[in-house]
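Trainee: Before I ask anything, let me first share the structure, which is written out below as structure tokens.
Every number here is computed from the coordinates shown, using simple stated rules; none is lab data. Since we're looking at a predicted model, the values are computed, not measured. With ideal geometry, Cβ positions are generated from the backbone for all residues, glycine too; neighbour counts draw on all protein chains shown.
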Amino acid sequence: MKKKHIAIITPVFNDWTSFRQLVNEIDEVLAGTALEATVIAIDDSSTQSYEQSLFVTEKFRVIRRVEIIHLARNSGHQRAIAIGLSYFERGHKADHIIVMDADGEDRPSDLKTLLDQQIKTNEIVFAKRGQRKEGGAFQLFNRIYRLLFVILTGRQIPFGNFCAIPGHQLRQVVFLPEIWSHFAAGILRSGLPQSVITIDRGERYQGKSKMNFVALVMHGLSAFAVYTDILSVRMMLLTLIVIAATVVGAGVLVYIRYFTPLAIPGWATTVGFGLFMIMLQSFILLLSIAFNVLNSRTMPTYIPAKHYEDFILNVEVCYERR
């Protein structure tokens, strides 16, 4: 019986000890299955070098190859994933592609569950987090981000990057410009067949998460960037509502002043001037949004599958089964 081939794509920044533990656990979890695996780490321009003998003494049962893509500069977690997927799609083949973190929070023990669901549905399957391990402050800001995402885009994004992609859909994925900004939001926006299963988050192998407040804000803004057109339209509608409200307010003020016997306080002129300034600024904001949308339509589209090579310094095979 021919074994199915899976590829595991994982970004790494300095955390080589965790990466080695991840690879070892993947081999243990998949041992005894009709699978063989290739692991590709995207070294996001790490400042700490790793030992070149990282896997020299290993004799894996399932893993047949481990590659490390060294990037020329730090491009961020989301772009590292897009580059890794594009690199694999260009020169490799697999029945299933897994995207996961290398720090242990995406547990190798959940791979079978993810793969079984992907085979069953033949869709891209994302892991929605059940029980989480982060601190209270992080979870609070994460909930705020997800709530704002629903309000501003009308969509929910309950999952992260941990997912399984059918091999035949990988080419479609790497031609999505949106994954360059935010992988999960890009897939969500694409409309590709997808489903979600609930999987608890694991504990980190070591160290602390690099997702601080600034990184969380930037991560959220990257997700919003995928829905720039929807955000722009909603902002334009909101601006029009504000303009209409100020016009109505000014009309009421004029009507009371000239067509009723009601007394007008001395600050009415100030209020009228304030309403005029609000309307003027709203109108300028409306024009700004409209011109930005028009300008973005003329900008060239950045497609990961066509441009990923610009970021690769070199590729190193650090393990290959003979």
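Trainee: Restricting to Cα atoms and excluding each atom paired with itself, what does the Kirkwood estimate give for the range 229-298 in Å?
Mentor: 13.7
Trainee: Classify the chain from the C-alpha gyration tensor, please: rounded if a/c falls under 1.5, else prolate or oblate depending on whether a/b exceeds b/c.
Mentor: Prolate.
Trainee: Related question: Work out which helices of the chain, taken as complete DSSP H runs, extend at least 27 Å along their axis over the Cα atoms and score a mean Kyte-Doolittle of 0.5 or more, then list them.
Mentor: The qualifying helices are 228-259, 268-298.
Trainee: Treating the beta-carbon of each Lys and Arg as +1 and of each Asp and Glu as -1, no other charges, what is the dipole magnitude of the chain about its Cα centre, to the nearest 20 debye?
Mentor: Dipole about the Cα centre, nearest 20: 620 debye.
Trainee: Let me ask something else about it. Between F224, G251, Q206, whose Cα lies farthest towards the positive end of the dipole of the range 194-261 when Lys and Arg beta carbons carry +1 and Asp and Glu beta carbons carry -1, centred on the Cα centre?
Mentor: After comparing all options, I get Q206.
Trainee: Return T270, T38 ranked ascending by Cβ neighbour count within 10 Å, so the fewest neighbours appear first.
Mentor: On the way: T270 10, T38 20.
Exposure proxy ranking, most exposed first: T270, T38.
Trainee: Right, something else. Nothing charged except the Cβ atoms of Lys and Arg (+1) and of Asp and Glu (-1): what's the magnitude of the dipole of the range 173-233 about its Cα centre? Round to the nearest 20 debye.
Mentor: Once rounded to the nearest 20, the dipole reads 240 debye.
Trainee: Keeping to pairs on different chains or 8 or more places apart, tell me how many lysine pairs in the chain have Cα atoms under 17 Å apart.
Mentor: So the count of such lysine pairs works out to 10.
Trainee: Of Y319, A215, V150, which is farthest on the positive side of the dipole of the chain, counting Cα position, with +1 on Lys and Arg Cβ, -1 on Asp and Glu Cβ, and the Cα centre as origin?
Mentor: Ranked along the dipole, the leading option is V150.
Trainee: At 222 nm, what value in deg cm²/dmol follows for the chain if DSSP H runs of at least 4 each add -39500 (n - 2.57) and the sum is divided by all its residues, to the nearest 500?
Mentor: It lands at -15500 deg cm²/dmol.
Trainee: Here's another thing I want to ask about it. Put a dot 7 Å past each Cα toward the Cβ at T298 and N24; how far apart are the dots in nm?
Mentor: Here the answer is 5.8 nm between the modelled labels.
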